[in-house]
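These notes are about the structure you will find just below.
The values are calculated or read from the model by the stated rules, or taken from the named source; none is laboratory data. Fair warning: this is a prediction, and the values are worked out from it, not measured in the lab. Cβ atoms come from the backbone with ideal geometry, glycine included; neighbour counts cover every protein chain shown.
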Amino acid sequence: PVPVVAVVGRPNVGKSTLVNRIIGRRQAVVQDTPGVTRDRVAYDASWNGRPFTVVDTGGWEPDAKGRAAAIAAQAESAMQAADVVVLVVDGVVGSTDTDEAAARVLQRGGKPVLLVANKIDNTRLESDAAALWSLGLGEPLPVSALHGRGSGDLLDLVVAKL
Ligand code: GDP
Ligand code: MG
């Protein structure tokens, strides 16, 4: 079976943009308004000759109160179906309660996790990404899904864990 990579994180951090970058075309729906992606959408992808399925998650807009629990539950169910989980955080905003809730779930889950600090569009922002070490998921990988910065390094690490 083809291994599965799940992309999780709170709304608007750039999950669908990153999925488009990974699959090399614009198919996952990117929106300034969060909550547009259907619950889970799977796409065929490959890197360095390794095929895998990448799953974009999202699909609702929980209110602020329920959001941390909802995203944590999403991370939990995505993780169960995945071989590798990519947690996307907005590297400029930094970690929020919701990111922390998702990180805790993933820490306990026993699946390989890669932490992406997205929206690191230039070198000047890289120090922001380093703050995400606090999530306890190892090294935050600075990426700009929008511009492609760091996405090759991320994919090298993803396929190394498949
Ligand atoms: P999702 O809700 O997590 O799937 O996020 P989307 O992929 O729909 O992106 C939400 C917004 O963030 C859109 O306006 C994107 O263009 C923007 N965005 C995504 N990645 C980046 C990035 O690397 N840099 C910047 N500056 N904006 C980004
Ligand atoms: Mg999305």
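Among the residues of segment 63-121, which ones are surrounded by fewer than 20 Cβ atoms within 10 Å (Cβ to Cβ) and in contact with a Lys or Arg (Cβ under 6 Å, 6 or more places away or on another chain)?
Val92, Pro112
Could you go through segment 78-89 and let me know if any residue there is out of contact with any Asp or Glu (no Cβ under 9 Å at 6 or more places or on another chain), hydrophobic (A, V, I, L, M, F, W, C) and assigned to a loop (DSSP other than H, G, I, E, B).
Yes; the residues of segment 78-89 include at least one that is out of contact with any Asp or Glu (no Cβ under 9 Å at 6 or more places or on another chain), hydrophobic (A, V, I, L, M, F, W, C) and assigned to a loop (DSSP other than H, G, I, E, B).
Is it the case that some residue within segment 113-120 is modelled with pLDDT of 95 or more, within 13 Å of ligand 1 (Cβ to nearest atom) and over 13 Å from the mean Cα position of the chain (by Cα)?
Kept after step one, since they are modelled with pLDDT of 95 or more, are these residues of segment 113-120: 113-120.
Keeping just the survivors that are within 13 Å of ligand 1 (Cβ to nearest atom) gives 116-120.
Keeping just the survivors that are over 13 Å from the mean Cα position of the chain (by Cα) gives 120.
Taking every residue of segment 113-120 in turn, at least one turns out to be modelled with pLDDT of 95 or more, within 13 Å of ligand 1 (Cβ to nearest atom) and over 13 Å from the mean Cα position of the chain (by Cα).
Within segment 24-45, can you find the residues that are buried (at least 16 other Cβ atoms within 10 Å of the Cβ) and modelled with pLDDT of 85 or more?
Val41, Tyr43, Ala45
Go through segment 53-88 and report how many residues are at pLDDT 90 or above, out of contact with any Gly (no Cβ under 6 Å at 6 or more places or on another chain) and within 11 Å of ligand 1 (Cβ to nearest atom).
So the count comes out to 1.
Can Val8 be described as under 14 Å from the mean Cα position of the chain (by Cα), surrounded by fewer than 21 Cβ atoms within 10 Å (Cβ to Cβ) and at pLDDT below 95?
no
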